[in-house]
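Since the structure comes first, as structure tokens, the remarks are kept for the end.
The values are calculated or read from the model by the stated rules, or taken from the named source; none is laboratory data. Since the model is a prediction, treat every value here as computed from it, not as a measurement. Because the Cβ atoms are built from the backbone with ideal geometry, glycine has one as well, and the counts that use them run over all protein chains shown. Heavy atoms of the whole protein, side chains included, go into the accessibility calculation; ligands, DNA and RNA do not. Shrake-Rupley method; radii C 1.70, N 1.55, O 1.52, S 1.80 Å.
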Amino acid sequence: MAGNSQRPNRRTSNKKGAQVGSGGKRRRGLEGKGPTPPAEMRKGHIKNRVAGAKARQSARRPAARRGGKGTSELVVGRNPVVEALREGVPASTLYVQQFIDNDERVREALKLAADRGGVHLMEAPRPELDRMTNGLNHQGLVLQIPPYEYAHPEDLSAAAYDDGEDPLIVALDGVTDPRNLGAVVRSVAAFGGHGVVVPERRAAGMTAGAWKTSAGTAARTPVARATNLTRALEAYRKEGLFVVGLAADGEAEIQDVAALDGPLVIVVGSEGKGLSRLVGETCDMRVRIPMPGGAESLNAGVAAGVALYEAARRRRA
């Protein structure tokens, strides 16, 4: 009975109709995207860089590379020799002229060298000392300073992470006065920093003058030497350290920089020229130190001390 047969209902579309409570939208369109990921997981965020650096540093590292050795140095004259020995400047040999007038300074130099240990005492004729010092007025006392053993820039951040701390490092760009280097080393030690980086060329090194200005802190604060300072700073940035350059025309004041409480490199330029162009462009940010008194600039040692104090204050907060 064909007249009574019924045709089955057929769908003309596979689309679902509007669902109750959806406002006509599909269910998938109403689904949320989940909570906002924390800063440590957001690519490009400074905390993401820090977290990545810590994860990489947690793996076992190969033996640290060294930054090479400096050259040996001679400290000449009775007062300079006594001061160097008093300040703990490393020394390998004390040369004493034969038949020297044994005054108070000579006696003190001999006693300091003997008490320290490890300093060889050598008696030499005056012509030999004249030859060693190229005719300088040595007054019968010459102290030989051994070559300084520089660290590698990577050593500084690695040692900080090994101790469970965020690195705090100062890099010097174009600073040629060893006394400024010594003052920076002293400030780094005072505010809990992890070392100083200097360029290999056209920069102050760890001479006897730098040792004396550091007031003994150079014995526990490493100084690293970089073949190329710009590349060393780029490597620090890849590790997750925030690189701040001190500049009189910086875009922000130092107290307004939020990243000071994390892994940090503070770059200080020379008093006259400031940061070089390439180094300034490599920094994550160039910041200025407010000076209500109107001074145009600070020397490297003072500027580094101010910046280190602010970073240390943030870390204690």
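For the range 271-290, how many residues meet the condition of being open to solvent by 30 Å² or more (accessible area, probe 1.4 Å) and farther than 16 Å from Pro167 by Cβ? Walk me through how you get there before you give the answer.
Just the residues of the range 271-290 that are open to solvent by 30 Å² or more (accessible area, probe 1.4 Å), to begin with: 271-273, 275-278, 281, 284-286, 288-290.
If we keep only those that are farther than 16 Å from Pro167 by Cβ as well, we get 271-273, 275-278, 281, 285-286, 288-290.
Qualifying residue count, the range 271-290: 13.
For the structure I just gave you, tell me whether Leu168 is at pLDDT 95 or above, open to solvent by less than 10 Å² (accessible area, probe 1.4 Å) and over 30 Å from Asp103 (Cα atoms). Break it down into steps so the answer makes sense when it comes.
Numbers: at pLDDT 95 or above: yes; open to solvent by less than 10 Å² (accessible area, probe 1.4 Å): yes; over 30 Å from Asp103 (Cα atoms): yes.
Against the criterion (at pLDDT 95 or above, open to solvent by less than 10 Å² (accessible area, probe 1.4 Å) and over 30 Å from Asp103 (Cα atoms)), Leu168 qualifies.
Restricting to the range 219-251, name every residue that is open to solvent by less than 10 Å² (accessible area, probe 1.4 Å) and of a type outside the set (Ser, Thr, Tyr).
Result: Val223, Ala224, Ala226, Leu233, Gly240, Leu241, Val243, Val244, Gly245, Gly250.
Please specify each residue of the range 290-311 satisfying the condition of being farther than 21 Å from Leu233 by Cβ and part of a helix (DSSP H, G or I).
Listed by number, the residues that qualify are Val302, Tyr309.
Restricting to the range 79-128, name every residue that is of a type in the set (A, V, I, L, M, F, W, C) and within 32 Å of the chain's Cα centre (by Cα).
Val81, Val82, Ala84, Leu85, Val89, Ala91, Val119
Out of all the residues in the range 220-269, which are assigned to a strand (DSSP E or B), out of contact with any helix residue (DSSP H, G or I) (no Cβ under 7 Å at 6 or more places or on another chain) and of a type outside the set (A, V, I, L, M)?
Selection gives Arg225, Glu253, Gly269.
I need the full set of residues from the range 235-252 which are under 17 Å from Val170 (Cβ atoms) and either more than 12 Å from the chain's Cα centre (by Cα) or of a type outside the set (Ser, Thr, Tyr) (or both), in order please.
The answer is Ala235, Arg237, Glu239, Leu241, Phe242, Val243, Val244, Gly245, Leu246, Ala247, Gly250.
Only one of these conditions is not met by Ala190: (1) surrounded by fewer than 19 Cβ atoms within 10 Å (Cβ to Cβ); (2) farther than 30 Å from Val75 by Cα. Which number is it?
Going through (1) surrounded by fewer than 19 Cβ atoms within 10 Å (Cβ to Cβ); (2) farther than 30 Å from Val75 by Cα one by one, Ala190 breaks only (2).
Could you name every one of the strands (runs of 3 or more DSSP E) located completely within the range 99-161 that has at least 3 residues being open to solvent by 60 Å² or more (accessible area, probe 1.4 Å) and without any contact (Cβ under 8 Å) to a residue 40 or more places away in the chain?
It comes to 120-124.
Kindly evaluate Val287 against the criterion of being more than 15 Å from the chain's Cα centre (by Cα), in a strand (DSSP E or B) and of a type in the set (A, V, I, L, M).
yes
For Gly70, indicate whether it is in contact with a strand residue (DSSP E or B) (Cβ under 8 Å, 6 or more places away or on another chain), surrounded by 12 or more Cβ atoms within 10 Å (Cβ to Cβ) and at pLDDT below 95. Explain how you work it out, then say what you get.
Details: in contact with a strand residue (DSSP E or B) (Cβ under 8 Å, 6 or more places away or on another chain): yes; surrounded by 12 or more Cβ atoms within 10 Å (Cβ to Cβ): yes; at pLDDT below 95: yes.
Taking the combined requirement at face value, the residue satisfies it.
Pick from the range 295-317 the residues that are open to solvent by 60 Å² or more (accessible area, probe 1.4 Å) and within 14 Å of Ala248 (Cβ to Cβ): which of them is modelled with the lowest pLDDT?
Glu296
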